[in-house]
Amino acid sequence: MAATVTAPPLREFPGAPQPLVPGAMAASKPYVANEKMQHALGFPAELPADWQRIALAKMRELLGKYRSLKVYLDACVHCGACTDKCQYFIGSGDPLNMPVARQDLLRSVYRRHFTLAGRLFPRLVGARELTKELLDQWYGYYNQCSECRRCSVYCPYGIDTAEITMAGKEIMDAVGLGQKYTNEIIGKVHRIGNNLGLPGPALADTLAGLEEDVKEDTGVDVRFPLDEKGAEVLLVTPSADFFAEPHVESLIGYAKVFHAAGIRWTLSTHASEAGNFGLFIGSYEQLRTIALRIREAALDLGVRRIVVGECGHAWRVAYSFWNTLAGIGDGADDPFARQLQGQLDQRYRQPMHVCEVTHDLIQRGALAFDKEANDHRVVTFHDSCNVARASRMGDSPGGQFEIPRAVIRAVANHYVEMRDGTTREQTFCCGGGGGLLTDELLDLRVKGALPRMEALREVADAHGVNFLATICAICKAQFTKVLPYYGFTMGMVGGVHQLVGTAIRLGAKP
Ligand code: SF4
Ligand code: SF4
């Protein structure tokens, strides 16, 4: 059944949150994963009779495994600093979308079962049993958190709601309450190699078609190589880049950069997906299994360097976790990891973001641009949550903010920043991250996009901004869908490498 979607009115920015509307989003829930999807990931398919026992055992396991989780559950003093910082609360007014209230759904159970005060005086400390009714609230409201970590920026204790949300999802998976969108996609990666379920031959056809398109547009033979052994660079990129608009424009941009710089590169059928939805469901095992595909492809192809395309959470996983998950970068110590470390170019033992590659080439004067080719665009940049708050780029603090902007400025003459407080570390989520990019959650996604749309409206009105650049596949897909609800055209979103691809001079000496 199609969801009823209501976009809140844009406020005079910055405005107060929506009026409190208790229960406004109580009915917002994603479809539950079916038996086949759950079993494919090793999860049960329905609530077992002793589900409370299993859930509490899983919670105990997570508390033992992740010290931070226990700290976050103990440390909150209910100061209220985070309450109005979540885009889903701002857009919906539902008090359970306040980060602290979202945390308390799980914290109350933690207190009841894992603290002395909660065992002795449950009512005094807000401790609750995990009832079926509360579990249903977990399913609703942990699937209304995009794990964007914006609230943690404002918390004096640095409490990370995203980690609590991930724990909630992990516990729910353990009792058979998985989310269809994320778990079905993870299954596709295991079976086929990418989120879209695009098999190798179809991928090869798509890339051949792109070569023809670029040749027709530019007259230049720009290659989109697949499974080429001995290439210097393995590019792993979100599978949306292979054909969805506007994503594919960025893939064309990467290919033109590699062509212009004379770098031999390849994509991989086996690792045809940079995204890793294991992060969204909080599962270390899934994170690792998916990440290992990239190591396997890198070893098989003998590449010397691994580059990640425009995907926010993929970059977070690559930057923060690949070293210990898969031995890409320092950290892992199994024989395959050591083999890979020996194989990679010692200057590039860490994964690189494609923006770093392009930025580095620009700095070295290895690329030439006709910036005027982007003169029909007035560009602003949306910092994606996982890049902004969970990763870095380059050698300097804040590189994840400066490098994409420097690339944009090198290829476009008209660039405008959105209002302070909505960008960089304080950026708002696009509204579709964390496994929420599914149609049955469209109403939530539209509401969650409100603060970003308000900031965009401000620069569109004041400066004529008509291009919203971003380096995340989820942001691109989400904005394409929600922009029209706020009076913008869906075509105004695109990647940084779409701008690069427009301006780059192929074959010309800089
Ligand atoms: S969506 Fe982001 S701001 Fe909202 S509770 Fe989750 S992590 Fe915090
Ligand atoms: S800002 Fe931190 S301490 Fe304050 S209510 Fe929110 S989570 Fe709790």
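Things to note:
- The criterion of at least 1 residues that are within 22 Å of E285 (Cβ to Cβ) and open to solvent by 40 Å² or more (accessible area, probe 1.4 Å) is met, among helices (runs of 4 or more DSSP H) falling completely within segment 314-386, by 322-326, 335-343.
A quick yes/no check of all residues on (1) touching a Cys at 6+ places or on another chain (Cβ under 9 Å); (2) under 22 Å from V222 (Cα atoms); (3) of a type in the set (S, T, Y):
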site	(1), (2), (3)
S268	no, yes, yes
A291	no, no, no
R305	no, yes, no
W315	yes, no, no
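- Matching residues in segment 462-487 - criterion: being touching a helix residue (DSSP H, G or I) at 6+ places or on another chain (Cβ under 7 Å) and in a loop (DSSP other than H, G, I, E, B): V465, N466, I471, C472
- Residue in segment 215-224 that is free of Cβ contacts under 8 Å to residues at least 60 places away in the same chain, open to solvent by less than 30 Å² (accessible area, probe 1.4 Å), more than 16 Å from ligand 2 (Cβ to nearest atom) and touching a Leu at 6+ places or on another chain (Cβ under 7 Å) present: yes
- Residue in segment 433-449 that is farthest from ligand 1 (Cβ to nearest atom), counting only those that are within 14 Å of F89 (Cα to Cα) and surrounded by 24 or more Cβ atoms within 10 Å (Cβ to Cβ): V446
- For segment 83-107, a residue qualifies if it is more than 10 Å from ligand 1 (Cβ to nearest atom), open to solvent by less than 30 Å² (accessible area, probe 1.4 Å) and among the charged types (D, E, K, R), and the qualifying residues are D94, R107.
- Helices (runs of 4 or more DSSP H) contained in segment 147-222 and holding at least 3 residues more than 16 Å from ligand 1 (Cβ to nearest atom): 161-174, 180-191, 200-218
- The selection criterion, being charged (D, E, K, R) and farther than 16 Å from L235 by Cα, holds for D333.
- R119 being charged (D, E, K, R), under 24 Å from Y66 (Cβ atoms) and at pLDDT 95 or above: no
- Cβ-Cβ contacts under 8 Å between residues 6 or more apart (or on different chains), taken from a first residue in segment 136-150 that is farther than 9 Å from T165 by Cα to a second residue that is open to solvent by 10 Å² or more (accessible area, probe 1.4 Å) and near ligand 1 (Cβ under 6 Å from one of its atoms), are listed as R150/K85; R150/C86.
- Residue identified as away from ligand 2 (no atom under 16 Å from the Cβ) and more than 30 Å from A261 (Cβ to Cβ) among L483, L506: L483
- Checked against (1) on the phi > 0 side of the Ramachandran plot; (2) at pLDDT below 95, W322 passes all but condition (1).
- Positions within segment 266-289 being open to solvent by less than 10 Å² (accessible area, probe 1.4 Å), in contact with a Phe, Trp or Tyr (Cβ under 8 Å, 6 or more places away or on another chain) and not in a loop (DSSP other than H, G, I, E, B), in sequence order: L267
- Restricted to segment 138-162, and to residues there that are open to solvent by 50 Å² or more (accessible area, probe 1.4 Å) and within 21 Å of L63 (Cα to Cα), the residue that is nearest to ligand 2 (Cβ to nearest atom) is Y157.
- Pairs with Cβ under 7 Å, 6+ apart, first in segment 62-79 and touching a residue at least 60 places away in the same chain (Cβ under 8 Å), second more than 16 Å from ligand 2 (Cβ to nearest atom): L62/E170; L69/L62; L69/L63
- Residue within segment 342-354 that is within 23 Å of the chain's Cα centre (by Cα) and within 30 Å of H463 (Cβ to Cβ) present: yes
- Test result for G118, farther than 20 Å from K29 by Cβ, open to solvent by 10 Å² or more (accessible area, probe 1.4 Å) and either in contact with a His (Cβ under 9 Å, 6 or more places away or on another chain) or more than 16 Å from ligand 1 (Cβ to nearest atom) (or both): no
- Residue in segment 59-82 that is away from ligand 2 (no atom under 16 Å from the Cβ), part of a loop (DSSP other than H, G, I, E, B) and either among the β-branched types (V, I, T) or surrounded by fewer than 20 Cβ atoms within 10 Å (Cβ to Cβ) (or both) present: yes
- Selection count where residues are of a type in the set (D, E, K, R), part of a loop (DSSP other than H, G, I, E, B) and closer than 30 Å to T422 by Cα, scope segment 83-135: 3
- In segment 81-110, the residues that are without any contact (Cβ under 8 Å) to a residue 60 or more places away in the chain reach residues that are open to solvent by 10 Å² or more (accessible area, probe 1.4 Å) and among the charged types (D, E, K, R) with C-beta atoms within less than 7 angstrom, at least six apart or across chains, in these pairs: S108/R128; V109/R128.
The values are calculated or read from the model by the stated rules, or taken from the named source; none is laboratory data. Since this is a predicted model, take the numbers as computed values, not measurements. Glycine gets a Cβ as well: all are built from the backbone with ideal geometry, and neighbour counts include every protein chain shown. The accessibility values were calculated without ligands, DNA or RNA, using every heavy atom of the protein model including side chains. Shrake-Rupley method; radii C 1.70, N 1.55, O 1.52, S 1.80 Å.
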